[in-house]
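The values are calculated or read from the model by the stated rules, or taken from the named source; none is laboratory data. Computed from a predicted structure; not experimentally measured. All Cβ positions, even for glycine, are placed from backbone atoms using ideal geometry, and neighbour counts span all protein chains on display. Remember, those area values only see protein heavy atoms, side chains included, never the ligands or the DNA or RNA. Shrake-Rupley method; radii C 1.70, N 1.55, O 1.52, S 1.80 Å.
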Amino acid sequence: MEYNGYEYGYQQSKRSKRSVGMAVLLACTAMAVVIGLFAGVLIVNRTIQQRTAELPASSPAVTADAPTPTAEPAQNVTLATAEPGGVQTAQTATGFTYDGQYTRAQVVEMCAPSVVGIDAVFEQTVSYWGRAQTYEVPGSGSGVILTEDGYIATCAHVVEGAKSVQVTLNDDTSYDATIVGVDTRNDIAIIKIEATGLAPASLGDSAMLTVGEDVIAIGNPLGELRGTATSGIISAVKRSVEVEGNTMELVQTDAAISPGNSGGGLFNSSGKLIGIVNAKVSDTSAEGLGFAIPVNNVLKEINDLLHYGYVTGRAYLGVYTQNVTLRSDYGYFFSNGTNCVQIADIVKDSAADRAGLQVGDLILALDDTAVTSNSDLTDLIARYNAGDTATFTIQRNGSRQEIRVTFGEYAPDSNN
């Protein structure tokens, strides 16, 4: 019969005395073989035990346990003394540290205390039948703690122009915050709360990111789900994206990003901050398209905002411009429908004023690159530093001219 795939059975038969004797002989022989094998096994086993006992106590052991996170990750942040502290750059830091590949749960445990929720209030003025009405409009976002004494990085679009800003920590304590500095070009802002003993994020090296690498985004989606962690991979490392009118080079991820995540952290599997989340594709036909500002791209800007409240060394022209579309009946030599930029006002004693640019001048090109809009002009000037000299091709009173301009330095409230 069969049982569980094995066949069991017996068969009875009559046997002679000779066959019985042969059976006894075979049985004895088999028993001797078994006893010999058993003795051999005992000898081999004893030898193995002796050799194992002789191994040095320092011999490495293999374990399947995941590494345990350190109580306080190594920091790449210098704390404030008499003036606001600054975040070290890759050039001045002793080196980026990687404590190993942690599980997702460990990364969240390490990094969540460094991410905060931000609630901001904005004023919006609307005119009804010639009467202006001012309303308070709430907004929300996320932030990443940079220093133990309360400096926090977020996105410029989260706090720029806010009437008030409030920060809520991972432990549910809330603080009023002040805006230290805003850099709309890189969509980065620094705010400050009066607190000590905070848990700053440990900075990673975003230049080392690779497509397919695991990442975790932590933030405050929808402005009410603070501490939410979503996981994904790096989808692209240098994606050109236009955010708030500025073209930026961002890290792309498929981790779920929602409104309110802006300003939150994107962390690698070592628990290092490698990006500041700032954008997502909102098209209903697209999914898993989130973006973050690479940390390496904004280290200088973060330090400058911490120390000075603005980004130093940027080129400044000193003009207010407007987009215009020229037609031939304007008396210029352009063909119908030509787009260009016209100077509407000039800041006194600015680079433009000193170089001789005038109100009404049409800016055609900057160092042989055509200028067709305000955004073109802004993007082109961004390629220069304070003190650089460039050639502007302009149209004035129907004639083309070239004017050399030495850029000044951008400061808060300046334009172009």
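Can you classify segment 103-237 as rounded, prolate or oblate using the Cα gyration tensor, where a ≥ b ≥ c are the square roots of its eigenvalues, rounded means a/c under 1.5, and otherwise it's prolate if a/b beats b/c and oblate if not? Judged from the Cα gyration tensor, segment 103-237 comes out prolate (a/c at least 1.5, a/b above b/c).
For the pairs K163/K300; K272/K300; K238/K348, note any where the Cα-Cα span goes beyond 30 Å. Over 30 Å apart, Cα to Cα: K238/K348. In order along segment 153-169, the phi-based Karplus estimate (6.51 cos²θ - 1.76 cosθ + 1.60, θ = phi - 60°) of 3J(HN,Hα) comes to 9, 8, 8, 4, 6, 7, 10, 4, x, 6, 6, 8, 9, 10, 10, 10, 7 Hz; Gly and Pro are listed as x. Only protein heavy atoms count here; under a 1.4 Å probe, Y316 has an accessible surface of about 30 Å². If you take the beta carbon distance between K238 and A382 as r and set R0 to 22 Å, what does 1/(1 + (r/R0)^6) give as a FRET efficiency, to the nearest 0.05? Once the sixth-power term is evaluated, E becomes 0.80. For segment 106-171, the solvent-accessible area works out to 46 Å² per residue, with a probe of 1.4 Å and every protein chain left in place. Counted residue by residue at 0.36 nm each, then reduced by the alpha carbon distance between them, the extension gain from D368 to T312 reaches 17.5 nm.
Measuring only protein heavy atoms, the 1.4 Å probe finds T369 accessible over about 60 Å². For a test of the definition: using alpha carbon positions, the gyration tensor, and the 1.5 limit on a/c, classify segment 195-338 as rounded, prolate or oblate. Here segment 195-338 falls in the prolate category. Computing FRET efficiency as 1/(1 + (r/R0)^6) for V137 and V359, where r is the C-beta to C-beta distance and R0 is 25 Å, gives about 0.10. If r is the Cβ-Cβ distance from S282 to N397 and R0 is 56 Å, what FRET efficiency results, to the nearest 0.05? FRET efficiency, S282 to N397: 0.75. In terms of the mean number of neighbouring beta-carbon atoms within 10 Å, the peptides 371-381, 148-158 order highest first as 148-158, 371-381.
Each Cα pair under 8 Å and six or more residues apart adds its sequence gap; the mean of these over the residue count of segment 142-249 is a relative contact order of 23 percent.
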